[in-house]
Structures are given as C-alpha cells and as structure tokens.
Amino acid sequence: MAKKTNTDEFFMRRAIELAKGGLGWTNPNPLVGAVLVKDGKIIGEGFHHRYGELHAEREALKDCHNRGFDPAGAIAYVTLEPCAHFGKQPPCCNTLAEAKISKVFVGSQDPNPLVHGKGNSYLREQGIQVEEDFLRSECDALNPIFFHYITTKTPYVALKYAMTLDGKIATKTGASKWITGEKSREFVHELRHRYSAILAGIGTVNADDPLLTCRIPGGHNPTRIICDDNLSIPLNSNLIKTAREVPLIIATLDTPQNHDNPKVQELFNLGAQILFLPQDSSQDKENPHLSLKELFIQLGKNKIDSILIEGGGQINYSALQTGMVNHIYAFIAPKIFGGTAKSPVAGTGLETPDQAFMFNLVSTEKIDQDILLQYDKIKN
C-alpha cells in the first residue's frame, strides 16, 4: 500500500470539515465532503448541502469549473465511497470518470447495498487509482446515523437527559428549569438541528408546554413526535399552535375509542398528523401504552433516520426496553436537589444488576460548569 503523506491527510481533513456543512439538512442522506487537488493546490471543493441536491463530488466539480480550472488529472479526496446508482442524482463515480480524475482517496465505505464496493470498482475499471479507507475512522465519525439507518431501515435513536449530581431531573415540586447552564442548553439546540425528529411524552407536554424547536438562527426544526396514548394533548398547547409551521406527529394507541374520537379531525385540521399504533405487549394491560418499537419502525419507513428523545423517566425506560437506543447524552449539573424527586429513568426497574442496560462511554466533555457524558450502545 502506498505511503500516505501529511498533504493527503490535510486534503481529506478539509473534506471532512466541508462535510459538516450539511449537518441537519441532508437526512436521510449521509454527510459527504469532496476536495479536488491538482499540482498540490485545491482547485475545487464542495459538500452535499441538502437532501435531493447535488452530491459532494458534483459540488466540487462545479466549484472547479467556476474557478476556471480543468479537473482532468486531478486527485479527488472524498469522505464516502462515490455512489454508483441513480437516485435523486446520477452516479458520482461516473461523474468523476467523465471528469478524467486520476486518483480518488476514499474515506468511508458505503454500506448501502446499491453502492457498497461498486463505486470504487467502477472507478478502477475506468483506470482511476483508488485508495480506500483513508482516514476511515475520522470519516466514519461523520455518519453513525446514516450507517445505522441504511443497514437497519430504523432510526438511530438517542436519549438525552440532564440531571443533578444526585441524579434528579426535577425538584420535589416538579420544577426543572433550569438544571443545566446556558451553554449546555445551546448544545441541545445543536442536537435538535442535527436529528430528524424529537420525541417526548404527553407528560412533558402537560408539565412544560414546550415548543421542541431548534433555536439556532437559521437552524433546522426537527419533526416533533408526541407519545399520547389517549389523545389528551391540549388543543391550545404550543405544539398544536405551531403544527402548521413545524411538523407534528401525535402517536396514539390503535383503539376504537381513539379512532372515533372527534379530536382526531380537530388535530388534523390544526396541522397535526395522527399515527395509530398497537399496544406494547410488555406493558401493564390495565394501563396500556403504545409500542415504541413499532413507532420507531413506522418512522423509519417514513424516512425519519434519527430520533432525539427528550422525555421523562417513563418514556426513557420504555425506549431502553426496546433495545433500540443507540446513543446517550447525559448532562450532569453541579447541583444537588435531594429528596424523592424524579430520576432520568423510571419504569418498573430491573430486579438484578446483571439485567442492566449496558452502554460504552465514548466521550466526556466539560461545558462551562456542566459535564456531558456520551455513550454508545454496546454492539453484540
């Protein structure tokens, strides 16, 4: 294998930074960046801006032509294997070959069966050198959501909660504003921009009357999803008031009572979508709740590739029970509430330590006076 130079790493890292420009806008497509280099100089660069728009390679070639350069003989640095199929855009591997690119450094392999290995093979068939897995771990870090969604057809699910040093998410009176500091709350809005959807329970709606929108100027608002077993959401809530501006899905139990409830038509007229779901068979039959697992499956079919859960302890526990939580953002604030206040995860709880939901710590970060711990699901 050819020795990789610092210069090659510089150009690929530039492509990685470019790829991040698509955060929040490309779902369910991946984040991809591309850089074209000739005689040691960048002659074109680009990234996938939005779902349905030009892919990174075509953006880089367009930039190259706009700068007045000829891409023939150039080296391309692409964070993800060039696509080899027709979707909303034509195959990028064909485009690179037509531009007479001489060599392509590829970061991540594309697990999409329509692409996997085919893009690189096509390039080689056209006489183009291909260097695979270049800075792969750094390129892979761009797209955990895409990799999960394209291989499972279900959303990448993340759990987010903030708690005190003694593990409380509210005081004994239920007051919870604010546990973490302003910088941590700004980070949460960055997450809302990144994820396709945000999910909460009716308890959160009744307690806080939230908007669940992204407050970053020019940011992307996630689809709001509310688990509401009995369609009790108030018609004057902030979520309903903004349902025509920001997508809102009310997930409810598939029962005759809910189907016949006149509120269904009222909610629809106000802009909300209603999703009827079966009961979670593992829950108490006397107090039925909808199946979160089935909800995630249905949302995946609707091209929602990622969900950020910002709910209370019960919905957090139910999500963990599905086995479909991929990531956890746990904020710890330097405060102590004491007493019998609520904790981040409620439910019936487990009987023995060996039954614990297990995750792998991947990062720790100090955000002003708060600590953010991030965990990934342990893969079997």
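From the list 198, 226, 233, which residue is modelled with pLDDT of 95 or more, open to solvent by less than 10 Å² (accessible area, probe 1.4 Å), over 25 Å from residue 143 (Cβ atoms) and touching a Lys or Arg at 6+ places or on another chain (Cβ under 9 Å)?
Selected residue: 233, the only one of 198, 226, 233 that is modelled with pLDDT of 95 or more, open to solvent by less than 10 Å² (accessible area, probe 1.4 Å), over 25 Å from residue 143 (Cβ atoms) and touching a Lys or Arg at 6+ places or on another chain (Cβ under 9 Å).
Residue pairs, Cβ under 8 Å, 6 or more apart or interchain, first in the stretch 111-135 and hydrophobic (A, V, I, L, M, F, W, C), second open to solvent by 70 Å² or more (accessible area, probe 1.4 Å) and not in a loop (DSSP other than H, G, I, E, B). List them. Cβ pairs passing all conditions: 130/124; 135/13.
Of the listed requirements (1) without any contact (Cβ under 8 Å) to a residue 40 or more places away in the chain; (2) part of a helix (DSSP H, G or I); (3) open to solvent by 30 Å² or more (accessible area, probe 1.4 Å), residue 183 misses just one: (1).
Can you work out which of the residues in the stretch 121-158 that are part of a strand (DSSP E or B) and over 19 Å from residue 293 (Cβ atoms) is most open to solvent (accessible area, probe 1.4 Å)? Show your work before the answer.
Of all residues in the stretch 121-158, those part of a strand (DSSP E or B) come to 129-131, 156-158.
Keeping just the survivors that are over 19 Å from residue 293 (Cβ atoms) gives 129-131.
Values: 129: 113, 130: 23, 131: 20 Å².
Here the residue is 129.
Checked against the criterion of being in contact with a Gly (Cβ under 7 Å, 6 or more places away or on another chain) and either open to solvent by 20 Å² or more (accessible area, probe 1.4 Å) or part of a strand (DSSP E or B) (or both), the candidates 363, 343 yield just one match: 343. Since residue 345 meets every condition but one in (1) in contact with a helix residue (DSSP H, G or I) (Cβ under 8 Å, 6 or more places away or on another chain); (2) farther than 15 Å from residue 158 by Cα, which condition does it not meet? Here residue 345 meets the rest and fails (2). How many of the residues in the stretch 193-207 are among the aliphatic types (A, V, I, L, M) and under 30 Å from residue 22 (Cβ atoms)? Qualifying residue count for the region: 4. In the condition set (1) over 17 Å from residue 313 (Cα atoms); (2) modelled with pLDDT under 90, residue 349 is compliant with all but (1). Out of everything in the stretch 291-314 that is buried (at least 19 other Cβ atoms within 10 Å of the Cβ) and over 19 Å from the mean Cα position of the chain (by Cα), what residue ends up being nearest to residue 171 (Cα to Cα)? If we take residues in the stretch 291-314 being buried (at least 19 other Cβ atoms within 10 Å of the Cβ) and over 19 Å from the mean Cα position of the chain (by Cα), then 312 is nearest to residue 171 (Cα to Cα).
Residue 273 fulfils the conditions (1) farther than 17 Å from residue 206 by Cα; (2) polar (S, T, N, Q); (3) more than 24 Å from the chain's Cα centre (by Cα) except for a single criterion, (3).
Of the residues making up the stretch 157-181, those that are modelled with pLDDT of 85 or more and among the small types (Gly, Ala, Ser) are 158, 162, 167, 170, 181.
The values are calculated or read from the model by the stated rules, or taken from the named source; none is laboratory data. Computed from a predicted model, the values in this text were never measured in an experiment. Note that each Cβ is placed from the backbone with ideal geometry, even for glycine, and that neighbours are counted across all protein chains shown. The protein model used for the area step is the full one, side chains on, heavy atoms only, and it has no ligands, DNA or RNA in it. Shrake-Rupley method; radii C 1.70, N 1.55, O 1.52, S 1.80 Å.
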